[in-house]
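Here is the structure we will look at.
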Amino acid sequence: MPVEHVILVAGPMGVGKTTAIGALSEIPVVRTEATNTDLARNAKATTTVALDYGEITLDGGDKVRLYGVPGQERFEFMWRILQKRALGMMLLVDDSAASPHDDLAHFLDVFADLCRRDAVVIGVTRGGARGVAGVEAYHGVLRRRGQMLPLFEVDARDAGQMMLLLSTLVAMADAPPLPGAAVGRGRPA
Ligand SMILES: Nc1nc2c(ncn2[C@@H]2O[C@H](COP(=O)(O)OP(=O)(O)OP(=O)(O)O)[C@@H](O)[C@H]2O)c(=O)[nH]1
Ligand SMILES: [Mg+2]
């Protein structure tokens, strides 16, 4: 019988969360944009101030409710509440930001509940320039933290790439834990 899943899309301000939900959703995204009052952090004109919402039906008929979590730090209380009821999270990190490795570590700390459940996939946006070495550096961050989470370079505007992230997450949630596995459930090559 088809079931419903809640999946969060999280990451720093301006990383591409609303864009990613728009790329995936089969309904018009319910957007909650307002004028950005934190121009020092990010020069974008508007920012998400409550949850963005989109929906997608998977091949087997399961419905995914996608919630875009506002990226500004002042919403951190909301992040902590939401992760309790989510099946998993797509965490986006902007490779062109000032300190993207610290951003990754910070979000993995805040969403520790989901990480403990191995229910997180990471998408690195605006990469490209640094190529394989750039991706390897993120794997280094995860290794040092003892967290083997799937990580992909993505363009949040690309529905196919975002679908790969989502499918990976759903497959991880469906898979039984590996016997004796302390961390992670494998990652793509
Ligand atoms: N080059 C590039 N641009 C992107 C990508 N994803 C989003 N953008 C652009 O970046 C800008 C910000 O994207 P948003 O989707 O609003 O970012 P957000 O994470 O929802 O931002 P907040 O809600 O303010 O936290 C938009 O102009 C997008 O078109 C990406 O993967 N690559
Ligand atoms: Mg947004």
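A few points about this structure:
- The chain: C-alpha pair distances exceeding 28 Å, %: 19 percent
- Under the combined filter of DSSP loop state and at most 13 neighbouring Cβ atoms within 10 Å, the range 4-110 retains these GluC sites (Glu not before Pro): Glu26.
- Cα gyration tensor shape for the range 99-162, rounded if a/c is under 1.5, else prolate or oblate: oblate
- Total charge dipole magnitude, the chain, about the Cα centre, Cβ charges on Lys, Arg, Asp, Glu only, Debye to nearest 20: 380 debye
The numbers here are math on the coordinates, done by the rules we state, and not lab data. Everything numeric in this text was worked out from a predicted model, so none of it was measured. Virtual Cβ from ideal backbone geometry, glycine too; neighbours counted across all protein chains shown.
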